[in-house]
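The values are calculated or read from the model by the stated rules, or taken from the named source; none is laboratory data. What you see is a predicted model; the values in this text were computed from it and never measured. Glycine gets a Cβ as well: all are built from the backbone with ideal geometry, and neighbour counts include every protein chain shown. All accessible areas refer to the heavy atoms of the entire protein, side chains included, with ligands and DNA or RNA removed. Shrake-Rupley method; radii C 1.70, N 1.55, O 1.52, S 1.80 Å.
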Amino acid sequence: MTPRKAVPTGAAALAKGLALLDLVADAESPLRFAELMRLSELPKPTFARILRTLIAFGLVRHDEAKGIYTLGPRFLELSHRVWDTFDLNSVALPELERLSRELGETIALCRLDQDSAVYLAARSATGLGVLIDLGHRVPLHCTAAGKALLAFQEPTLGRALIGRLALERHTATTLTSAGALTSDLALTRARGYAISLEEHLPGVNAVAVAIGAPDGTPLGALAVLAPASRLDETNIHPVGRDLMAAARRITGSAGAVAISSRPQPRNRQARKMADLDCILPWGAQLGEAPVWHPLEQRLYWADILRPAVYRFDPETGVNDICVLDKLVSAVLPRAGGGVMIATLDGIEALDFDRARTEPLCHPEKDRPENRLNDAKVGPGGAIWVGSMRMDAAKPTGALYRVDADGSFSRKESGVTVSNGLGWSPDGGTFYFVDTVPGVIHAYDSVPGTGRLENRRVFARIAQEDGRPDGLTIDSEGGVWCALWDGWALRRYRPDGALDFMIELPVPRPTSLCFGGAANDTLFITSARTRLPATTLSEAPLSGGLFACRPGVAGLPSNLFTPA
């Protein structure tokens, strides 16, 4: 490890210590002694002496149980003191200039000022752009910067701010009701950035992110504003991802989102399926929740971040769409036809053709920082639904069982990102995914009773292989799981042993289900949210719907019968 900067005479040891501290801080995952020493390029005695000193001063922490090294408590204490004298303008200006050059659009820095956002600084590329008047105050409810500042406030403060806003109309697309604004802010928290599509100024679109302190409090917002003809639905989401990275660089914070935005390299050991095909190149932001409706012979699925429920006919290729005004995360087939859905407002019945919903229940109505996520109908006909914190930063999620009359009971808690659910063919084993720790849990279950016992780890996925997401079970008891950021599906045998993997042309498969006339087609949803441009060029079908026939049939879909 050779210091990159010129080191004053007599300060070589200090420089080596600081460089070693950089290695600990920059590691994507905690390093062990041998790996850290190899990267340091220091002789073992020198390396060990410096490392012991950093530990003694609390700058590095040694987890003896795991044998790994992370930043120590003293370093974190010092980093928090930075915010007492943090000059947001000075630190953000290099990012404004860089983004303006790279994107060719106007970049603005804003902060919250009572019930408005105020422009602190701006940079514009040469040519036609959006003019920013520094010091000008703009409304919170219809600007991307304002919505980013609102979305990431502490929930009680956020609700108080919304309650004070006039919600005046500026254009035909301005959100003028508290309910619509609340739904939009939930989407903002889920995807990490806010969008304004001509909501404040006609012909101007914008995307913005909050610049957060270590505790998550928004220090300001970073926004891109451009003519709607240049910043449209096709490119506004990749720009949002670029802004998230820029905001992290401004504060030096790793950010609150626990799920990686960096796909893993392709796994070339995965099996190639000759008949794997993208049957619908849709470009969903976060395609999810595929479920086969046996009465309708249709595949239902959803896009969480561009809220809609889809009804796909594999025979004709027609993909009917039901656009919703709030986040939707799961679709559940209903006896007699039609579906239930999990939304920001709980479990609801959906009138697909009229895009209307009728509430059944909301298990977490008193937890506005959470949202429902994946859900399935169990063997006894009840709905099982998991929840998660909006930003996936804390294990505040839970698992619920919802009966036909809307009554519900909590079955599990302390979950970070509740995901795939499924039951063995005899219903005696229940499987449940917690995505962030990379675990598929198994429980003993009794169909129709809601009783779960003997929780255990069925499978644990290493982070370098991706994160477990959606799940389904085949007729032989095989457990199928989609690997977010893993470019693959996995099939596990009932004993938990890995059977095989199927390679996919996209890094972020999200969920899967069996369907079709013989129930032997495996349908797979995928996402393109937060993928860098380089990955999207390698995987242009990201967000598409895929299908293959893996040689085994699935279990019939369970149907929910409302009271």
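Identify all residues within segment 106-125 that are open to solvent by 20 Å² or more (accessible area, probe 1.4 Å) and of a type outside the set (S, T, N, Q); write none if there are none.
Arg111, Leu112, Asp113, Asp115, Tyr119, Leu120, Ala122, Arg123, Ala125
Please go through segment 10-32 and pick out each residue that is open to solvent by 50 Å² or more (accessible area, probe 1.4 Å), without any contact (Cβ under 8 Å) to a residue 24 or more places away in the chain and over 30 Å from the mean Cα position of the chain (by Cα).
The answer is Gly10, Ala12, Leu14, Leu18.
List the residue pairs whose Cβ atoms are under 6 Å apart, where the first residue sits in segment 130-159 and is within 18 Å of Gly216 (Cα to Cα), the second is assigned to a loop (DSSP other than H, G, I, E, B), and the two are 6 or more positions apart or on different chains.
Gly146/Leu140; Leu150/Leu140; Pro155/Pro368; Pro155/Glu369
List the strands (runs of 3 or more DSSP E) that sit entirely inside segment 311-382 and contain at least 3 residues that are under 23 Å from Thr435 (Cα atoms) and open to solvent by less than 50 Å² (accessible area, probe 1.4 Å).
Here the list reads 328-333, 339-343, 370-377.
Give Lys376, Lys394 a once-over and let me know the one that is of a type in the set (Lys, Arg), under 25 Å from Thr449 (Cα atoms) and within 25 Å of the chain's Cα centre (by Cα).
On the way: Lys394 fails: under 25 Å from Thr449 (Cα atoms).
Only one candidate qualifies: Lys376.
For segment 440-472, which positions are in a strand (DSSP E or B), in contact (Cβ under 8 Å) with a residue 60 or more places away in the chain and open to solvent by 10 Å² or more (accessible area, probe 1.4 Å)? Even if it seems obvious, please write down each step before you answer.
Initially, segment 440-472 is screened for residues in a strand (DSSP E or B), giving 440-446, 451-460, 467-472.
With in contact (Cβ under 8 Å) with a residue 60 or more places away in the chain added as a condition, the list becomes 467, 470, 472.
If the condition is that a residue be in a strand (DSSP E or B), in contact (Cβ under 8 Å) with a residue 60 or more places away in the chain and open to solvent by 10 Å² or more (accessible area, probe 1.4 Å), then Arg467, Thr472 are the ones that fit.
Let's see how each residue does on (1) within 30 Å of Ala517 (Cα to Cα); (2) open to solvent by 50 Å² or more (accessible area, probe 1.4 Å); (3) at pLDDT below 95:
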| residue | (1), (2), (3) |
| --- | --- |
| Ala223 | no, no, no |
| Ser229 | no, yes, yes |
| Ala246 | no, no, yes |
| Arg249 | no, yes, yes |
| Ala256 | no, yes, yes |
| Ser261 | no, no, yes |
| Asn267 | no, no, yes |
| Ala270 | yes, no, yes |
| Gly287 | yes, no, no |
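Among the candidates Asp444, Asp434, Asp403, single out the residue that is within 21 Å of Glu476 (Cβ to Cβ) and of a type outside the set (A, V, I, L, M, F, W, C).
The conditions single out Asp444.
Quick check: anything in segment 232-241 part of a strand (DSSP E or B), open to solvent by less than 20 Å² (accessible area, probe 1.4 Å) and closer than 25 Å to Ser90 by Cα?
No - not one qualifying residue is present in segment 232-241.
Have a look at Glu503, Glu538, Glu476 and point out the one that is without any contact (Cβ under 8 Å) to a residue 12 or more places away in the chain and either open to solvent by less than 30 Å² (accessible area, probe 1.4 Å) or among the charged types (D, E, K, R) (or both).
It is Glu538.
Quick check on this structure: which one of Ala48, Ala19, Ala65 is assigned to a helix (DSSP H, G or I) and at pLDDT below 90?
Details: Ala48 fails: at pLDDT below 90; Ala65 fails: assigned to a helix (DSSP H, G or I).
None of the other options fit; the residue is Ala19.
Looking only at segment 120-154, how many residues end up being modelled with pLDDT of 95 or more and either on the phi > 0 side of the Ramachandran plot or among the hydroxyl-bearing types (Ser, Thr, Tyr) (or both)?
Going through segment 120-154 one residue at a time, the tally reaches 1.
Sort out which residues of segment 301-321 are more than 24 Å from Arg530 (Cα to Cα) and not basic (Lys, Arg), and write them in order of number.
If the condition is that a residue be more than 24 Å from Arg530 (Cα to Cα) and not basic (Lys, Arg), then Phe312, Asp313, Pro314, Glu315, Thr316, Gly317, Val318, Asn319, Asp320 are the ones that fit.
Among Arg530, Arg508, Arg493, which is among the charged types (D, E, K, R) and in contact with a Pro (Cβ under 8 Å, 6 or more places away or on another chain)?
That would be Arg508, the only listed residue that is among the charged types (D, E, K, R) and in contact with a Pro (Cβ under 8 Å, 6 or more places away or on another chain).
Picking from Leu167, Leu128, Leu197, which residue would you name as being under 23 Å from the mean Cα position of the chain (by Cα), hydrophobic (A, V, I, L, M, F, W, C) and open to solvent by 20 Å² or more (accessible area, probe 1.4 Å)? Spell out how you get there, then give the answer.
Working: Leu167 fails: under 23 Å from the mean Cα position of the chain (by Cα); Leu128 fails: under 23 Å from the mean Cα position of the chain (by Cα).
Matching residue, one of Leu167, Leu128, Leu197: Leu197.
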